[in-house]
Ligand SMILES: Nc1ncnc2c1ncn2[C@@H]1O[C@H](COP(=O)(O)OP(=O)(O)OP(=O)(O)O)[C@@H](O)[C@H]1O
Ligand SMILES: [Mg+2]
């Protein structure tokens with residue numbers, strides 16, 4: 001891992017100071033293949049600051065060009081502002097692109113990762129969350145937004161005070177897909193091999209299978225807002 005991927009909390013704070021004056025970074029909360037997510041406060045709001053790995057930045061430069069943090073911010077924005085999707089996605093807050101770091105600021109989502117949630121809850125509860133995901137996927141595709149990256153580690157299930165559970169997405173693939181042209185032949189071959197139109201549909205089928213593999217339980221999770 002190169003230097004930029006291992007910036008300390010203090011270094012991230014120093015990079016943000018002056019641009020996002022109200023942001024106070026605390027510590028790492030999650031890691032993906034492309035970034036480390038840090039917990040932070042923005043005034044009275046909980047947010048995450050995503051620090052992208054140099055290899056992710058290099059790949060983005062090669063494939064698309066421009067700032068990776070800006071790209072992440074903008075595709076989150078497209079999804080979040082699509083009618084009806086705001087409650088199903090983390091709000092994008094801003095980005096900072098400098099030679100030292102690519103940083104993307106986003107609302108922090110509190111809840112339970114999708115797979116543990118599905119394994120711990122009743123069939124009725126599971127099917128409501130999966131129905132929400134199905135509906136999000138269908139509406140997004142109708143709107144020309146493909147490749148949502150419905151990987152289970154990109155979905156947190158959040159409880160409202162009323163107790164209802166809803167999936168919240170916070171990491172998106174190429175939305176809208178038109179940011180980069182789809183490769184027709186590659187997509188066709190992939191659909192033959194995997195028997196599905198996209199990875200998102202495959203993930204949905206996998207979520208639907210969870211109930212058959214794991215025993216039903218009525219465990220509850222704490223209410224968070
Ligand atoms: N908005 C958020 N609220 C709460 N936790 C988050 C949020 N964004 C990211 N995380 C945590 O950080 C982890 C990595 O974030 P994210 O999925 O955005 O990174 P990534 O490197 O783009 O992922 P991938 O490996 O899918 O490319 C997540 O799995 C999650 O645990
Ligand atoms: Mg992810």
Roughly how many Å is it from the Cα centre of segment 137-151 to that of segment 46-110, as a whole number? 18
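Please report the relative contact order for segment 79-125, taking Cα pairs under 8 Å with a sequence separation of at least 6, and give it as a percent rounded to a whole number. It would help to have the intermediate numbers written out before the result.
Working: 33 pairs, mean separation 11.1, N = 47.
With pairs under 8 Å counted, the relative contact order is 24 percent.
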Rank the residues 121, 60 as a footprinting-exposure proxy: fewest other Cβ atoms within 10 Å of their Cβ go first. 60, 121
Report the extension gain between residue 149 and residue 119 in nm, rounded to one decimal, defined as 0.36 nm multiplied by the number of residues separating them, less their alpha carbon distance. 8.7 nm
Give me 67, 89, 127, 122 ranked fewest to most by other Cβ atoms within 10 Å of their Cβ, as a rough exposure proxy. 122, 127, 67, 89
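Rounded, prolate or oblate, given the Cα gyration tensor of segment 97-162, with a/c below 1.5 counting as rounded?
oblate
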If you split all Cα-Cα distances of segment 3-107 into 10 Å bins from zero, what percentages do you get per bin, shortest first? 16, 49, 31, 5, 0
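Rank the residues 151, 80 as a footprinting-exposure proxy: fewest other Cβ atoms within 10 Å of their Cβ go first. Please list the in-between numbers first.
Values: 151 16, 80 19.
By the 10 Å Cβ count, ascending, the order reads 151, 80.
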Rg and Dmax of segment 16-76, using alpha carbons, in Å: what are they? 12.7, 38
Can you give the extra length, in nm with one decimal, that the chain gains between residue 21 and residue 135 once fully stretched, where that is 0.36 nm per residue apart less the Cα-Cα distance? 37.2 nm
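Bear in mind these aren't lab numbers, they're just calculated from the coordinates by the rules spelled out. Worth saying up front: this structure is predicted, and the values here are computed from it rather than measured. Glycine gets a Cβ as well: all are built from the backbone with ideal geometry, and neighbour counts include every protein chain shown.
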